[in-house]
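Below: one structure, written as structure tokens.
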Amino acid sequence: MKKLFAVLGDPIGHSMSPSMHNDLLSLYQIDAHYHPFKVSKEELHTAVSGLKAIGISGFNVTVPHKSSIIPFLDEIDPLALSIGAVNTVVNDNGKLTGYNTDGYGFLKGLHAYITSLSDKKVLVIGAGGAARAIYFTMAKMKPQVIDIANRTIDKAVELIEACPYDTSSKALSLEEAGEQLAEYDIVIQTTMIGMKPNISEMPISLKYLKPQSLVCDIIYNPLETQFLREAKQKGATIQNGIDMFVYQGALAFEKWTGIFPDVKRMRENVLKLLEA
Ligand code: NAP
């Protein structure tokens, strides 16, 4: 029988996941379909019960359901539980288990540039959902330093206090982060500042950026934010949000099928969608 995979979100029309996963299902000759479902907050519980009843093989969860889905699942992976968000669900003989592949997706993308984090000083800008997944996953890898800067500094403090790993992280204001930028080897921009249509905005000043730094922005629309453009002009190596998106999808696909897919092909697919 044909298997079903899905993504639940609201809105969902813009999602690139159906194209990316359907292409992989056909590449690996898996008799299955991946479908986007627009599900409101009020209907989430009913939708999850319905998908379970029809024997869905697995699904992704996106905005605004990544946290609110947790009570409706049978089991939550410990990292996803500490992050407080699920983006991938696996159905194992009727038992729905939730995982978070966003943080590991980011980390896998980083491996193209960085082999070890133990001697690296990392600054995360932002303290929202994506920052939480990245910060907790990276903290587990024990970088030399990992600090957080956020507009609302209390949220950065909360994130540090909630982290299940020992980090000795500092919470900084955006201004302080700009002034202390020369201390960091890796700078990860996780806010929506610079996203279309506000493409000229920057979260912090890059005046003190070290030219040998790696600067990541998890935004992929535009592919090169003003933040990345200025970092490149200062000589830094830059990485946009495509890698994180592609690898979180690849890790989900692997959980569902046991196949770690062709990420180069996934990236090409996503770039075509963004250009269209
Ligand atoms: P979120 O939970 O709403 O967090 C938003 C963050 O942005 C918070 O730290 C917030 O600061 C900050 N922020 C928002 N507006 C700001 C402003 N005008 N000035 C300063 N700071 C501001 O959002 P999220 O889910 O983490 O998503 C954040 C971004 O990551 C989005 O652009 C999203 O598209 C992208 N993303 C990419 C991927 C990928 O696969 N590449 C995956 C997930 C998300 P406060 O705490 O002060 O409000």
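Values quoted throughout were computed directly from the atomic coordinates according to the rules given, and no laboratory measurement underlies them. Keep in mind that this is a model prediction, so the values were computed, not measured. Positions of Cβ are generated from backbone atoms using ideal geometry, with glycine treated the same way; all protein chains shown enter the neighbour counts.
Longest stretch of the chain clear of exposed loop sites (trypsin sites (Lys or Arg not before Pro), DSSP loop, at most 11 other Cβ atoms within 10 Å, sites excluded): 42-206. About its Cα centre, the dipole of the chain is roughly 440 debye, where the only charges are +1 on Lys and Arg Cβ and -1 on Asp and Glu Cβ. Among Ile242, Ile146, Ile199, the residue with the largest mean-square fluctuation in a Gaussian network model of the chain, with springs joining Cα atoms closer than 10 Å, is Ile199.
Note on the stretch 159-177 and the stretch 208-276: Cα centroid distance 24 Å, given to the nearest whole angstrom.
Evaluating 6.51 cos²θ - 1.76 cosθ + 1.60 at θ = phi - 60° for every residue in the stretch 201-212, the Karplus couplings come out as 7, 10, x, 9, 6, 9, 3, 9, 5, 6, x, 8 Hz, glycine and proline recorded as x. Each listed q (0.09, 0.14, 0.15 Å⁻¹) maps to a log10 I(q)/I(0) for the stretch 138-276 from the Debye sum over equal C-alpha point scatterers, namely -0.32, -0.77, -0.87. Largest mean-square fluctuation among Asp23, Asp31, Asp102, in a Gaussian network model of the chain whose springs join Cα atoms under 10 Å apart, belongs to Asp31.
Given the pairs Lys120/Lys155; Lys38/Lys232; Lys108/Lys272; Lys121/Lys264; Lys170/Lys232, which are separated by over 31 angstrom at their Cα positions? The answer is Lys38/Lys232. Sequentially through the stretch 243-253, phi angles give Karplus couplings (6.51, -1.76, 1.60; θ = phi - 60°) of 4, 4, 5, 5, 6, 5, x, 5, 5, 5, 4 Hz, Gly and Pro residues having no value and appearing as x. Return the percentage of antiparallel bridges among DSSP beta bridges fully within the chain, rounded to the nearest 5 %. In the chain, approximately 20 percent of DSSP beta bridges are antiparallel ones. Its DSSP H runs of at least 4 residues, each contributing -39,500 (n - 2.57), put the calculated 222 nm mean residue ellipticity of the chain at -11000 deg cm²/dmol, to the nearest 500.
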